[in-house]
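Here is the structure we will look at.
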Amino acid sequence: MTDWVGRSAADIAAAVRSGEVTARSVVDEHLAVIDAGDGPINAFNLVTADAARQSADAVDATIAAGGDPGPLAGVPVALKDNLCTRGIPTTCSSRILEGWRPPYDATVVQLLASAGAVSVGKTNLDEFAMGSSTENSAFGPTRNPRDPSRVPGGSSGGSAAAVAAGFTPVALGSDTGGSIRQPAALCGVVGLKPTYGLVSRYGLVAFASSLDQIGPFSATVADAALMLGVIAGHDPADSTSIPEPVPSYTESLSAGVAGLRVGVVRELTGEGIAPDVAARVNAAVAALSAAGAEVTEVSVPAVTYGLSAYYLIAPAEASSNLARYDGVRFGLRVDAPTTDAMMTATRTAGFGAEVKRRIMLGTYALSTGYYDAYYGKAQRVRTLIARDFAAAYDTVDVLVSPTSPTTAFAFGAKADPLSMYLNDVCTIPSNLAGHPAISVPFGTGDDAMPVGVQLMAPALAETTLLSAAAVLEAASGVAS
Ligand code: GLN
């Protein structure tokens, strides 16, 4: 019954294209597994079974007519619920968007559909992508399929869990400070944050616009490359989109790491990293070295200020982006005698505690008298981080660190906001610099939960990143 569940997107697309299996039966198998398994996991806010069957039938009809349905023919995908889907509720796991149906599809959603992929639904997240555990969802937390007593990470916890549970072979998430890589690490799947501007943000509900990027989750590095090839590319609808041709990511996969200069980031591998995670990172570095990479330790001093800079810049941008939820233009409205009172009542009822905290922090950081001291200073730190990365990339091609300081933690374990924010210490620097980074599963910690190793590279060096990731993936089975 479930011949195609657990298979890679590449295998499914090849089988659908060759007529070995229909897109419809692939999708039906996955829908059945979601139906049977998602109750306790809560990866999905919405499963669009009828629309998925219709898209699958359309793929099969294209094949029957001798046409080419595209490189993701019949591949079930799950979409983080902050990606706009035309006529289909898009909630950002917030009450404030209750009842809102976007009038258009995000560019990535269109690109996936044109490549033959079949969207099966919208996945849970921390409200407006603010969080690292998916506990901040208005619709209840997502559970980690590897151990349901633990969080899946966040904010794209639903997408990570969907792939880890085998509900879909691939999914999309968004990463502002680590929200693809950290949940990928905690759930034991691959998660890639592309270079800022490589993937269009058109139709991604904005959190912190200068940091947000969309990227794939997958069980294999090859599927991450396949997905990136479909969603990357210039889009005139996003003014920050890079107008450059996209290389073949799948062709670069087998390049290996012989002669590749790999730098272990000193500031992200010592203090604050759990010993079992550090041990797996050391094993990954040894594996890269055994495969021919030249490994050195490098210093990127300003990354130690990344967390502080991010938690000023991201809330500042969020406070501005979230001003549009005013009870008039989108979703929820709580009526009150005056417009001001209506807006206050709507925002009070519609936003959760973490979103309110970010709006307040951001408004404060941007206010007259504090702007220079907080927001302005954070922007200068951001420049320093970019400079330190540039200096490091004069001597190495790829940087390595843990993705997350620990493995998946228990629900409620990080109740104070600062301890939750500390999860992002290794992932945030790449967002501030706009650089690509990938998390690859590399064995497990003392608690038998997955450990992710992060590889970082300069802007637009995704090909290098993916070929190094493929080497790690091949070694992870042997070394774990
Ligand atoms: N955990 C970080 C935050 O809460 C990152 C979130 C994200 O990347 N969307 O802001």
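What follows is calculated from the coordinates using simple rules that are stated; it is not laboratory data. Keep in mind it's a predicted model, so treat the numbers as computed, not measured. Methodologically, a virtual Cβ is constructed for each residue, glycine included, from the backbone with ideal geometry; neighbour enumeration extends over all protein chains shown.
Couple of notes before you dig in:
- Based on the Kirkwood approach, the hydrodynamic radius assigned to the chain is 22.1 Å, with every pair of different Cα atoms included.
- Sites ALA65 and ASP3, calculated FRET efficiency, Cβ-Cβ separation with R0 25 Å, nearest 0.05: 0.50
- Across segment 267-276, computed HN-Hα scalar couplings (Karplus, 6.51 cos²θ - 1.76 cosθ + 1.60, θ = phi - 60°) run 5, 10, 10, x, 4, x, 9, 4, x, 5 Hz from first to last residue, x flagging Gly and Pro.
- Near ALA413, no amide H atom lies under 5 Å from its own; only residues 5 or more places off or on other chains count, and H is placed 1.01 Å from N.
- When both segment 369-415 and segment 349-368 are represented by their alpha-carbon centers, they are found 21 Å apart.
- The amide H of SER200, built 1.01 Å from its N in the peptide plane, has GLY233 as neighbours under 5 Å, considering only residues 5 or more places off or on other chains.
- Spin-label pair SER239/THR304, simplified geometry with 7 Å Cα→Cβ offset, distance in nm: 3.8
- Cα gyration tensor, segment 116-168 - rounded (a/c under 1.5), prolate or oblate: oblate
- Vicinal HN-Hα couplings computed from phi for segment 389-406 (Karplus, 6.51 cos²θ - 1.76 cosθ + 1.60; Hz; Gly/Pro x): 5, 4, 5, 4, 6, 6, 10, 10, 9, 9, 10, 10, 7, x, 7, 9, x, 9
- 10 Å Cβ shell holding at most 13 others, DSSP loop, GluC sites (Glu not before Pro): longest site-free stretch of the chain: 21-270
- Here the extension length gained between ALA373 and ASP446 equals 22.0 nm, from 0.36 nm per residue of separation less the Cα-Cα distance.
- Separation of alpha-carbon centers, segment 210-251 and segment 67-101, rounded to whole Å: 17
- Computed from the C-beta positions of SER209 and ARG266, the FRET efficiency with R₀ = 41 Å rounds to 0.85.
- Sorted by Cβ neighbour density within 10 Å, fewest at the top, the residues HIS30, HIS234, HIS435: HIS234, HIS435, HIS30
- Estimated FRET transfer efficiency (SER252, ARG86; beta-carbon r; R0 25 Å; 0.05): 0.15
- Of the trypsin sites (Lys or Arg not before Pro) found in segment 78-181, those that fall in a DSSP loop while having at most 14 other beta-carbon atoms within 10 Å are ARG86.
- Placing dummy labels 7 Å off each Cα toward the beta-carbon, the span from ALA353 to GLU294 is 5.2 nm.
- Positive dipole terminus of the chain, leading residue within ALA336, LEU322, THR134 (C-beta point charges): ALA336
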